[in-house]
Amino acid sequence: MTESILAITGPTSGLGRGTVLELVDTFDRILLLCRNLEKGARLKDDLLDLNANLSVDIVWCDLSELSSVNDAAKTIKDRYDHIDCLINNAGIVSTSKQESVDGYELMMATNYLCPFLLTHLLLPLVMNSERKQVIVVSSGAYKFAPMKQPFFKPKRFSPITGYGRSKLGNLYMAQELHEKYSRQGLKTTAVHPGMVSTNLGKSNVSKKVADGIFKLLDPFFVTVEEGAQSVLAAVKNPDTYAGFYSEEGKITVVKKHGNDVEMRRAFIDATLEELDIQSL
């Protein structure tokens, strides 16, 4: 019997941690793609405390840097020949304008561009598995704004719009994966689990501004346990959720701009050109 392998980004805190702790008995091996290796080591110990028979590997990956994603993918491809389930979980909310090291708006880089590249690089391993599953953690915040050019380096910054568009990008990515690879057995799901409330991004602006932004986001906040259950439902029921977008575990019809095929095509094509790759 082939060893079952889960790979997950952003596993050391919040939703990612809550999710992976619940999956210790679902997979034989878990790959933790994380930026903070100390937190990764502590999480590994916690996972092994729950299941001593589990294999846990830590792979350094900064989901805001394209070079880090390339290095992480190379490490994984050198060590493994398949991945049964890839969970693109890592994401940020930034209340102030910031750029990634590659010059992109930071939320678009971290929440969309780097996960897109990672998925592209690891997809051959996913397709070489028995399960063939990709879960994209999106957000109901995609409803905040339709996609608009320039996609990756906007001239004006809005925390709400920027976050919403990065999560709309996630949704488009999941749709693209389903459209291109479902007939080959790939099961792709976009999940809105809700956001786990943190202080992320609040330190860069005044408390008044930050509190106002997070008040607007408040309807999307959930507990770690609530959010994890949404992702777990998709992991454990791949056929039920394949090709769909779900909000808190319920399959949901997306808003009009979330199902804009023409804009999705333009956005995906621009992504491929930006990353200098041929296809997702």
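Quick one: in segment 120-152, of everything that is more than 19 Å from ARG165 (Cα to Cα), of a type outside the set (D, E, K, R) and surrounded by 19 or more Cβ atoms within 10 Å (Cβ to Cβ), which residue is farthest from the chain's Cα centre (by Cα)? Full working, then the answer.
Of segment 120-152, the ones more than 19 Å from ARG165 (Cα to Cα) are 120-134.
Next cut, of a type outside the set (D, E, K, R) only: 120-129, 133-134.
Now restrict to residues that are surrounded by 19 or more Cβ atoms within 10 Å (Cβ to Cβ): 120, 122-123, 125-126, 129, 133-134.
Numbers: HIS120: 13, LEU122: 14, LEU123: 14, LEU125: 17, VAL126: 15, SER129: 20, GLN133: 13, VAL134: 10 Å.
Across segment 120-152, the extreme among qualifying residues is SER129.
Which of the residues that make up segment 146-167 are within 20 Å of ASP269 (Cα to Cα) and either outside any helix (DSSP H, G or I) or not charged (D, E, K, R) (or both)?
Restricting attention to segment 146-167, the residues satisfying the condition of being within 20 Å of ASP269 (Cα to Cα) are 146-154, 162, 164-167.
Result: PRO146, MET147, LYS148, GLN149, PRO150, PHE151, PHE152, LYS153, PRO154, GLY162, GLY164, SER166.
Do the conditions hold for LEU86, that is, is it of a type outside the set (S, T, N, Q), closer than 18 Å to VAL231 by Cβ and either surrounded by fewer than 22 Cβ atoms within 10 Å (Cβ to Cβ) or more than 16 Å from the chain's Cα centre (by Cα) (or both)? Give the steps one after another, and end with the answer.
Working: of a type outside the set (S, T, N, Q): yes; closer than 18 Å to VAL231 by Cβ: yes; either surrounded by fewer than 22 Cβ atoms within 10 Å (Cβ to Cβ) or more than 16 Å from the chain's Cα centre (by Cα) (or both): no.
Criteria not met by LEU86.
For residues in segment 168-193 being in a loop (DSSP other than H, G, I, E, B) and either at pLDDT 95 or above or of a type in the set (Val, Ile, Thr) (or both), which is surrounded by the most Cβ atoms within 10 Å (Cβ to Cβ)? Don't jump to the end; show me each part of the working.
Keep residues of segment 168-193 that are in a loop (DSSP other than H, G, I, E, B), which gives 185-186, 193.
Then keep just the ones that are either at pLDDT 95 or above or of a type in the set (Val, Ile, Thr) (or both); that gives 185-186.
Details: GLY185: 14, LEU186: 21.
Result: LEU186.
Between residues in segment 82-95 that are more than 12 Å from GLY10 (Cβ to Cβ) and residues that are in a loop (DSSP other than H, G, I, E, B) and among the aliphatic types (A, V, I, L, M), which pairs lie under 6 Å by C-beta distance while being six or more apart or on different chains?
Every condition considered, the pairs that remain are VAL93/LEU200; THR95/VAL205.
Would you mind finding the one in VAL101, VAL93 that is part of a loop (DSSP other than H, G, I, E, B) and touching an Asp or Glu at 6+ places or on another chain (Cβ under 7 Å)?
Details: VAL93 fails: touching an Asp or Glu at 6+ places or on another chain (Cβ under 7 Å).
Just one listed residue meets the conditions, VAL101.
Specify the residue that is surrounded by the fewest Cβ atoms within 10 Å (Cβ to Cβ); the eligible residues are those in segment 260-279 that are more than 17 Å from LYS153 (Cα to Cα) and under 19 Å from the mean Cα position of the chain (by Cα).
SER279
Pick out the one residue from VAL222, VAL261, VAL196 that is among the hydrophobic types (A, V, I, L, M, F, W, C) and at pLDDT 90 or above.
Exactly one of VAL222, VAL261, VAL196 is among the hydrophobic types (A, V, I, L, M, F, W, C) and at pLDDT 90 or above, namely VAL261.
Of the residues LEU66, LEU106, LEU15, only one is at pLDDT below 95 and either surrounded by 16 or more Cβ atoms within 10 Å (Cβ to Cβ) or aromatic (Phe, Trp, Tyr) (or both); which? Before you say what the answer is, go through the steps one by one.
On the way: LEU66 fails: at pLDDT below 95; LEU106 fails: at pLDDT below 95.
Exactly one of LEU66, LEU106, LEU15 is at pLDDT below 95 and either surrounded by 16 or more Cβ atoms within 10 Å (Cβ to Cβ) or aromatic (Phe, Trp, Tyr) (or both), namely LEU15.
So is ASP62 in a loop (DSSP other than H, G, I, E, B) and over 13 Å from ILE87 (Cβ atoms) or not?
Considered against the rule, which asks whether it is in a loop (DSSP other than H, G, I, E, B) and over 13 Å from ILE87 (Cβ atoms), ASP62 comes out as yes.
Can ILE30 be described as under 19 Å from the mean Cα position of the chain (by Cα) and in contact (Cβ under 8 Å) with a residue 60 or more places away in the chain? Even if it seems obvious, please write down each step before you answer.
Values: under 19 Å from the mean Cα position of the chain (by Cα): yes; in contact (Cβ under 8 Å) with a residue 60 or more places away in the chain: no.
So ILE30 fails the test.
The values are calculated or read from the model by the stated rules, or taken from the named source; none is laboratory data. Everything numeric in this text was worked out from a predicted model, so none of it was measured. Note that we place each Cβ from the backbone using ideal geometry, even for glycine, and neighbour counts take in every protein chain shown.
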